[in-house]
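In what follows, a structure is listed as C-alpha cells, so that the remarks can point back to it.
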Amino acid sequence: MRTLLAGTATVLLAAAPVAAQQPAAGGLFVQPDAQGIYASDLIGMDVYSSATDYTAEYGTDRQPTADVRSQWDDIGEIDDIVLSPDGRAEAVLVDVGGFLGMGAHTVALDMKQIHFLTDDRDNRFAAVTSSREALESAPEYQRPEERTAAAASSDSSAAGAMATVPAGAMAPQDFAAAAASSNLFEIESSKVALERTENPDVRAFAQHMIDDHTAAGEKMKAAAKSDGVTPAETLAPAEQTKLNELKSTEGGDFDHAYVTAQAAAHDDAVALFQSFATEGDQSALGAFAAQTLPTLQKHQSAAHKLADSL
C-alpha cells in the first residue's frame, strides 16, 4: 500500500506523437517539457491500483489539492510501452504480480488510463483506477511472436507430424536431452536452495524456479511425445557436477553460489531455446521452445538481478 501526496494525471507520451513538442527554428529540433517523463523511466516503474478513482483529488502542479492521503494496492510494474506506427503511445504493458518479473500476468492497458503520480519521497509511480481482481483476471497480453508460436503449437498438434530439420540445425532428440537436463538442474538446485538458504529473496526465487520448471517439464514431455522423442530423466554429467559442487558449498557462500549457478544455467538455456526455436524444425518441440523462451528470459534477468544484489 502506498500513500499519495502529489501527482499528475497526464503524460507527454499519451498526448501526442513522439517528439511532438514546440519545434525550434527549422522544425527539426524540439525543447521537451521539463515535467515530461522519459520512456526509460517508465520501464520497471511501480504500478498501483484502486477501484476508486482518487486521482481527481490531486492537482496537476505536483502539489496536493487537499490534505488527503489515499491507499492504493501495489499490483506490479511496467514491462514495456507499445507505440502505434505513427509514434503514439497506444498501450502500457503491465506485469501484474510475480517476483522479479517472474510469474507475472502481463496485461495491456490504455495509456490514457494511466496516471503518473509522486509519493512523499518525490518518487514517481503509475496508478490505474481498477481493482486488483479485474487486473488479475484480464486477458493475458501476447506479443505477436508469442501468438505466432501459440498458433504453430496448435497447428503442430493438429497435424501430428514433424517437419524436416534444416541442415546444421539441432535434432529434436538432442534438444530434448539438453533441455531436459537443464530443466532438471534448475529444479534440483532450487530444492537444495530451499533447504539451505535463509534469505527470503533467494527462497522466493528458488520456489519460482521449482514451480515454473516443473510446469515446463510437463509441457516438454507432451511436446516430445507428439514428436516421437524421449526427454532425458537424469542430469547430464556436466549438470550433475555443478549440482554436486553446489551441495558442497558451505555457509554464507551458498546463496551467491546458487544464484550465480542459476544465472549461468539460464544464460545457456536461453541460448539453447532461442537457437532451436529459430533454427530447428517446426514440430511441437520447436513451438514449445518458442513459447518457453520468454519465461526463460525473465528467469535469466531475475537471476542476474538477484546475483547483483547479494
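The values are calculated or read from the model by the stated rules, or taken from the named source; none is laboratory data. Since this is a predicted model, take the numbers as computed values, not measurements. Here the Cβ positions follow ideal geometry from the backbone for every residue, glycine too, while neighbour counts run over all protein chains shown.
Taking every residue in the range 102-124 that is within 27 Å of Ala302 (Cβ to Cβ) and pairing it with any residue that is part of a helix (DSSP H, G or I) and at pLDDT below 75, at least 6 positions away or on another chain, the pairs with Cβ-Cβ distances below 8 Å are Met111/Leu13; Met111/Ala14; Ile114/Ala14; Leu117/Thr55. Whether any residue in the range 148-165 is under 20 Å from the mean Cα position of the chain (by Cα) and either surrounded by fewer than 16 Cβ atoms within 10 Å (Cβ to Cβ) or at pLDDT 85 or above (or both) is what I want to check. For the range 148-165, residues under 20 Å from the mean Cα position of the chain (by Cα) and either surrounded by fewer than 16 Cβ atoms within 10 Å (Cβ to Cβ) or at pLDDT 85 or above (or both): present.
The set of residues in the range 11-42 being more than 31 Å from the chain's Cα centre (by Cα), at pLDDT below 75 and not in a loop (DSSP other than H, G, I, E, B) consists of Pro23 alone. Tell me, please, whether a residue that is more than 27 Å from Asp174 (Cα to Cα) and not acidic (Asp, Glu) can be found in the range 214-222. No, because not a single residue in the range 214-222 is more than 27 Å from Asp174 (Cα to Cα) and not acidic (Asp, Glu). When Val107, Val128 are checked against the criterion of being crowded, with 20+ Cβ neighbours inside 10 Å and either modelled with pLDDT under 80 or closer than 25 Å to Phe205 by Cα (or both), Val107 stands alone in meeting it.
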